[in-house]
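The values are calculated or read from the model by the stated rules, or taken from the named source; none is laboratory data. Nothing here was measured: the structure is a model prediction, and the numbers come from that model. Backbone-built Cβ (ideal geometry, glycine too); neighbour counts: all protein chains shown. Just the protein is used for accessible areas: all its heavy atoms, side chains included, with ligands, DNA and RNA removed. Shrake-Rupley method; radii C 1.70, N 1.55, O 1.52, S 1.80 Å.
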Amino acid sequence: MKLSMVEIEWPGSLDEYSKLINRMNTPRVVIDNAVCETATLVKVDSARRHGILLEAVQVLTDLNLSIQKAYISSDGIWFMDVFHVTDLEGNKLTDEGVISYLEQSLATIHCGKPATSNDLTALELTGTDRVGLLSEVFAVLAELQCDVVEAKVWTHNGRIASLIYVKDCNSGSPIKESERIDTIVGRLRNVLKGDDDILYAKTSVSMTVTHTERRLHQMMFADRDYERKPVQQHTEDSPVVTVQNLVERGYSVVNIQCKDRMKLLFDVICTMTDMDYVVFHGTITTSRHRAYLEFYIRHTDGTPISSEAERQRVIQCLQASIERRTSRGVRLELCTTDRPCLLADVTRTFRENGLNVTRAEVSTSQEVALNLFYVTDGHGSAADTKMIDSVREKIGMSNLKVKELPLVSQQKTEGEEQAASVGGAVLLSLGSILRRNLYNLGLIRSYS
């Protein structure tokens with residue numbers, strides 16, 4: 001067992017009382033490889049405040065850790081989170097550098113520092129998705145001498161949200177001139193408007209970014225994508241969300257069953273946090289590529305969900321939060337030397353061959369472009385193999401490769417699979433969920 005108590009250097013201006021309060025608010029982190037045979041246990045104890053659960057989950061997901069199980073419990077002003085995590089290949093964490101970084105990051109989440117991007121200009125875009133839209137966006141940026149350094153693009157229910165980080169092609173500096181920014185924003189807004197999105201297309205510039213993926217959730221939520229007609233029909237993989245009130249305890253209970261994937265817990269907690277709900281207790285389990293999540297929530301003012309309209313809205317928003325990152329289409333990875341107009345050329349090739357980009361992640365590292373695209377045909381169906389091969393031939397077979405989705409390791413015993421069935425009509429009482437959490441933590445022998 002390894003207990004981390006990170007030493008913080010406090011400013012000399014703080015008095016002893018302030019230092020004491022800061023020490024009390026500093027999370028206590030335990031990282032243990034002995035308790036569980038198949039995963040590393042990460043335990044975080046801290047003073048409770050709105051958003052701190054999301055920040056802890058964000059640290060884990062930013063390290064690409066797979067959360068196999070989690071237990072959340074809050075008592076008064078204190079909360080305790082326990083996560084069972086593995087790497088992408090399903091192994092325990094053994095790298096001391098990763099463990100040390102994880103400890104330091106979790107121990108400083110109480111600081112609540114926003115992510116900043118001082119050397120890049122952030123462009124935020126939302127609008128109606130259509131085939132070739134991304135090609136038009138990157139073509140405009142190339143024409144306006146904007147070098148795309150990073151970007152993330154999500155699509156859902158016929159809508160698109162994108163965060164694009166750019167710098168000036170010539171100087172390599174962020175773009176700050178108001179006249180030039182106005183030109184960029186205006187040109188991009190015209191592209192997004194197209195023929196039928198005059199009211200809802202939005203383009204803005206920000207020098208400070210919260211967290212890229214959290215911001216994408218916020219953008220799509222503000223765009224009310226959850227209310228729009230789904231482009232794809234619901235399937236057996238569609239998330240099932242139920243919300244019921246536990247009147248005698250003053251909680252609303254959220255149950256979710258869906259296909260397991262990376263960053264699932266982050267997406268759900270992010271949405272509930274931004275909707276001003278607080279998770280007081282929760283259980284997350286996974287089994288055979290399925291995930292089962294249960295949360296006891298209240299508003300930030302301490303009240304449960306109060307109307308049928310609100311209940312339906314929570315269900316819609318949580319379903320949308322899960323579906324936005326769902327991978328639709330063939331996964332293509334582009335790795336090549338970065339150059340001007342690269343993204344414009346690649347996405348134009350996609351468009352000319354009838355491929356639509358449903359999700360994208362763009363990054364550059366030491367003059368090398370590392371880009372990921374999920375593509376379908378123009379109707380949202382699986383792209384024909386001949387279409388993919390044609391695109392690869394034009395871009396370069398060695399540069400653009402078809403990649404399989406990484407599998408999240410799911411090694412569970414039969415008993416764990418039975419315990420995973422947290423969804424359903426019968427709601428667990430508060431006492432039951434607390435006893436089960438204590439049992440799973442090994443602190444009691446039975447929770448029956």
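Residues whose amide H comes within less than 5 Å of that of ILE175, counting only those at least five positions distant or on another chain, are THR121, ASP168 (H built at 1.01 Å from N in the peptide plane).
Can you give the local net charge around ASN64? Use residues other than it whose beta-carbon is closer than 14 angstrom to its beta-carbon, Lys and Arg +1, Asp and Glu -1. The partial results should precede the final answer.
Details: positive: ARG261, LYS263, ARG325; negative: ASP62, ASP87, GLU89, ASP95, GLU213, GLU361.
Result for the local shell: -3.
Listed values for the range 309-316 are Karplus-derived 3J(HN,Hα) couplings in whole Hz (6.51 cos²θ - 1.76 cosθ + 1.60, θ = phi - 60°), namely 4, 5, 4, 5, 5, 4, 4, 4, and x replaces Gly and Pro. By the rule of a C-alpha distance below 18 Å, with chain neighbours fewer than 8 residues away ignored, the aspartates and glutamates paired with LYS394 are GLU333, ASP338, ASP345, GLU352, ASP377, ASP384.
How do the peptides 381-394, 246-259 rank, highest first, by the average count of neighbouring beta carbon atoms within 10 Å per residue? Spell out each step's value before the answer.
Values: 381-394: 14.9, 246-259: 18.1.
By packing density, highest mean first, the sequence is 246-259, 381-394.
The peptide list 177-187, 151-161, 333-343, put in order of mean Cβ contacts within 10 Å with the highest first, becomes 151-161, 333-343, 177-187. For LYS193, the aspartates and glutamates whose Cα falls under 15 Å of its own Cα, not counting residues fewer than eight places away in the same chain, are GLU124, ASP129, GLU136, ASP223.
For the set LYS259/LYS401; LYS152/LYS202; LYS152/LYS263; LYS69/LYS401; LYS69/LYS259, the pairs lying more than 23 angstrom apart at their alpha carbons are LYS259/LYS401; LYS69/LYS401.
For a straight C-alpha distance cut-off of 16 angstrom, the aspartates and glutamates reachable from LYS92 (same-chain residues fewer than eight places away being disregarded) are ASP32, GLU37, GLU103. Once a ≥ b ≥ c are taken as the square roots of the eigenvalues of the Cα gyration tensor of the range 240-324, is the result rounded (a/c under 1.5), prolate (a/b larger than b/c) or oblate (a/b not larger than b/c)? Taking the square roots of the gyration eigenvalues as a ≥ b ≥ c, the range 240-324 is prolate. The phi torsions of the range 282-298, fed into the Karplus equation with coefficients 6.51, -1.76 and 1.60 and a -60° offset, translate into couplings of x, 9, 10, 9, 10, 7, 6, 6, 10, 10, 10, 10, 9, 9, 9, 10, 9 Hz, rounded to whole numbers, with Gly and Pro shown as x. Rounded to whole numbers, the Karplus 3J(HN,Hα) couplings from phi for the range 32-49 are 10, 9, 9, 5, 10, 6, 10, 8, 8, 8, 10, 10, 10, 10, 7, 5, 7, 8 Hz, using 6.51 cos²θ - 1.76 cosθ + 1.60 with θ = phi - 60°, and x at Gly and Pro. In whole percent, how big is the carbon plus sulfur part of the accessible area of the range 240-324, probe 1.4 Å, protein atoms only? Percent of accessible area from carbon and sulfur atoms in the range 240-324: 47. The overall shape of the range 25-108, judged from the alpha-carbon gyration tensor, is prolate: a/c is not under 1.5, and a/b is greater than b/c.
Checking every one of the trypsin sites (Lys or Arg not before Pro) in the range 286-375 against DSSP loop status and a limit of 16 other Cβ atoms within 10 Å picks out ARG288. Comparing HIS50, LEU65, VAL30 along the charge dipole axis of the range 25-108, the residue lying farthest to the positive side is HIS50, per the Cβ-charge model.
Summing +1 for each Lys or Arg and -1 for each Asp or Glu, what net charge is found among the other residues whose Cβ lies under 15 Å from the Cβ of VAL149? Here the count lands on -4.
Amide H contacts of ALA383: VAL330, ASP377, each under 5 Å away and 5 or more positions distant or on a separate chain (H built 1.01 Å from N in the peptide plane; Pro and chain starts excluded). Amide hydrogen proximity for THR326: with H placed 1.01 Å from N in the peptide plane, no residue at 5 or more positions away or on another chain lies under 5 Å.
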